[in-house]
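To start, the structure under review is shown below, and the notes come after it.
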């Protein structure tokens, strides 16, 4: 199993991912994932193997429970004990913000559109 700082690369030489590992798993600090053009796709913050929070940058995904397609929005979510917990925020291209509430990985029903 891999321990220590890690970097992987695309065939074009750009960094694909980087972070700190212990026993082959992300461990402490920021784990970054990049696109082939070198722009950041995802940042995850770990402490002793637990995911604390993450930010996604300009991506496409579908939020299962809301069935909302979000294209090229920036998203950040707090985590506690490895589960989404607290208020996640999504920043839309038009400047509007969508907030969703989470409690230990489950949506609370809180939603706010700013």
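Each reported figure results from applying straightforward, stated rules to the coordinates on display, with no laboratory input. This one's a predicted model, so the numbers in the text were calculated from it and none came from an experiment. Every residue, glycine as well, gets a Cβ built from its backbone with ideal geometry; the counts of neighbours run over all protein chains shown.
Among rounded, prolate and oblate, which fits the range 1-48 when a ≥ b ≥ c are the square roots of the eigenvalues of its C-alpha gyration tensor, a/c under 1.5 means rounded, and a/b larger than b/c means prolate?
Oblate is the answer for the range 1-48, as a/c is 1.5 or above yet b/c matches or exceeds a/b.
Can you tell me the FRET efficiency between residue 15 and residue 50 if r is taken as the Cβ-Cβ distance and R0 is 25 Å, rounded to the nearest 0.05? Let's see the in-between values first.
Working: r = 24 Å, r/R0 = 0.97.
About 0.55, to the nearest 0.05.
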Ordered by fewest other Cβ atoms within 10 Å, a rough proxy for footprinting exposure, 43, 11, 106 read 11, 106, 43
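For the residues 39, 90, 108, what sequence is obtained by ranking on other C-beta atoms within 10 Å, fewest first? Please report the intermediate quantities before stating the final value.
Working: 39 10, 90 19, 108 13.
Final ranking by Cβ density, sparse to dense: 39, 108, 90.
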